[in-house]
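A short write-up of the structure that comes next.
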Amino acid sequence: SSGINAEYGGAGLIAGVAVAAKNMNPSIQIIGVEATRCKSFTEAIKAGKPVRAHNSVSLADGLAVPTVGLNAFVTAQPLVDKIVTVSEKAIALSILRLVEIEKNVVEGSGVVGLAALIDGQLPELKGKRVATILCGGNIDTTVLGRCLERGLAADSRLLSFTVVVKDAPGGMSQLTARLAESGASIKDILHERAWLLEDVFAVRVRCMVETRDADHTKEVRKILTDNYRHVEFIGLSDASSDPDLVSKGSN
């Protein structure tokens, strides 16, 4: 068996795809995908008719339609087998994957089908023939840059942290040397003196580094926690729960 992932917006695209695909092969699965922040079709399914949904700002801005089309809804509803929603993280990672691997620039609205696969939301399709519609390259270059950066963060290839080092000659150079030895590339670094009130002989450094992959990121985190007493990883909720990453350094 096989399946087709298609995006929802006003529902016109998936309605047309579903009619054509089911006509050729009634056993084919049609799966609709929406961004979690733009769930107009999901809300319509719950209500049994098109209703106005509350949409938030999303990378999939082309799907941020407050109300699905009536004709499209009536056409698609009996033909769609499943509906899933995807996070902004999965959308950003999908944009990154397409740029890196396929050398294609696809806007957020056009990658939600791939995002559902990357996010592991469709395990029943493993080993089957799957068509995912990639449509639209209407993405601003500034937004593309943000998506790629957030995709790197979602892929554990960007690490942001603050660390307290000695405010003395060699303090900063020691930190940057350790990062260099670890193989991490510094993308941004900020030296903050004024806001560390509890110790006038120390300074807080805010840093963002690029790593090769998730394993390399974990290695860098361990080096930091082994050598510095006060390290805080930004955007990593699991840092405090990992016994290997509890700060135990002397600095």
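The values are calculated or read from the model by the stated rules, or taken from the named source; none is laboratory data. In this text the structure is predicted, and so the values were computed from the model without any measurement. Counting neighbours? That spans all protein chains shown, and the Cβs are built from the backbone with ideal geometry, glycine included. Note: areas computed on protein heavy atoms with side chains; ligands, DNA, RNA excluded. Shrake-Rupley method; radii C 1.70, N 1.55, O 1.52, S 1.80 Å.
Okay, here's what the table says:
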{"quantity": "So D140, is it in contact (Cβ under 8 Å) with a residue 40 or more places away in the chain, of a type in the set (D, E) and open to solvent by 70 Å² or more (accessible area, probe 1.4 Å)", "calculated": "no"}
{"quantity": "Counted residues, the range 59-83 - those being surrounded by fewer than 20 Cβ atoms within 10 Å (Cβ to Cβ), at pLDDT 90 or above and in a loop (DSSP other than H, G, I, E, B)", "calculated": "6"}
{"quantity": "Top-ranked residue in the range 1-49 [being part of a helix (DSSP H, G or I) and touching a helix residue (DSSP H, G or I) at 6+ places or on another chain (Cβ under 6 Å); ranked as surrounded by the fewest Cβ atoms within 10 Å (Cβ to Cβ)]", "calculated": "G12"}
{"quantity": "Search result, residues across the range 84-105 that are more than 19 Å from A153 (Cβ to Cβ), open to solvent by less than 60 Å² (accessible area, probe 1.4 Å) and either part of a loop (DSSP other than H, G, I, E, B) or of a type in the set (A, V, I, L, M) (or both)", "calculated": "V84"}
{"quantity": "The lone exception for I133 - which of (1) farther than 15 Å from G32 by Cα; (2) surrounded by fewer than 19 Cβ atoms within 10 Å (Cβ to Cβ) it fails", "calculated": "(1)"}
